[in-house]
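The next block holds one structure in the form of structure tokens; read it before the comments.
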Amino acid sequence: MIVERPIYIQQLLDRQRNGMVKIVTGMRRSGKSYLLFTLLRKHLIDSGVNEAHIISIDLENIYNERLREPLAILDHIKQQMIDGDDYYVLIDEIQLLSRFEEVLNTLLKNPQLDVYVTGSNARFLSKDVITTFRGRGDEVRVHPLSFAEFMSGRPSEQFMEVSLNEYMLMGGLPQLLSMNTERQKKDYLRMLSANTKLIDIKES
């Protein structure tokens, strides 16, 4: 299932190769990683970018634990650059990287690189993230699905009234589209609420 998010893709494209770090922020599970690693990656490839020129790094993946160290991730990126063409660097959960400010500023000094990152903790949900990079950061704030985006992920035969009622009750977190029962959805939202204090679902 592909849920298109054209507004955010356009915001990223408008910032393409602007000499700044594109910083995708937003509440957990709002679709930041999906936006970069699925939608933006697909758009770049469809527009003719060589797949080998898209360097994707998920710092939340335990297999990438060593890349949470500054010199390790810089060496990894350098090893992927096999020619003098342009490259896109996509890094998920940048707050897990030690001394990430220095790493990103180092990457910005290489004109071959166009850098995009996501961040989820309290620091990245504040406007302080922009000033951290002294004018070198450009924020794209991602929100849960709009109703139109929500409907794009539903079967075409789904009644709009039913979907609207569900959207108004449950909200637009993308993961909800993959769940089949109301119980699953409520349990999921309660779990997130316990961890983030951002969601309140009442028992019916």
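The values are calculated or read from the model by the stated rules, or taken from the named source; none is laboratory data. Since this is a predicted model, take the numbers as computed values, not measurements. Here the Cβ positions follow ideal geometry from the backbone for every residue, glycine too, while neighbour counts run over all protein chains shown. These accessible areas exclude ligands, DNA and RNA; they are computed on the full protein's heavy atoms, side chains included. Shrake-Rupley method; radii C 1.70, N 1.55, O 1.52, S 1.80 Å.
A few remarks follow.
- Looking across segment 28-58 at every residue that is over 23 Å from M81 (Cβ atoms) and touching a helix residue (DSSP H, G or I) at 6+ places or on another chain (Cβ under 7 Å), the one that is surrounded by the fewest Cβ atoms within 10 Å (Cβ to Cβ) is identified as R28.
This table checks each residue for (1) touching a Leu at 6+ places or on another chain (Cβ under 7 Å); (2) more than 14 Å from L145 (Cβ to Cβ).
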position	(1), (2)
R15	no, yes
K22	yes, yes
G26	no, no
F37	yes, yes
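- Single match in I2, I23 (criterion: outside any helix (DSSP H, G or I), in contact (Cβ under 8 Å) with a residue 24 or more places away in the chain and within 27 Å of L74 (Cβ to Cβ)): I23
- Of all residues in segment 1-27, those being surrounded by fewer than 16 Cβ atoms within 10 Å (Cβ to Cβ), under 18 Å from L104 (Cβ atoms) and of a type in the set (V, I, T) number 0.
- Residue among E69, E149 that is under 19 Å from the mean Cα position of the chain (by Cα) and either at pLDDT 85 or above or open to solvent by less than 60 Å² (accessible area, probe 1.4 Å) (or both): E149
- Residue check, E102 open to solvent by 40 Å² or more (accessible area, probe 1.4 Å), free of Cβ contacts under 8 Å to residues at least 40 places away in the same chain and under 17 Å from R136 (Cβ atoms): yes
- Qualifying residue in segment 53-66 (condition: part of a loop (DSSP other than H, G, I, E, B), farther than 17 Å from S33 by Cα and at pLDDT 95 or above): no
- Subset of segment 91-110 [more than 14 Å from R68 (Cα to Cα) and in contact with a helix residue (DSSP H, G or I) (Cβ under 8 Å, 6 or more places away or on another chain)]: T106, L107
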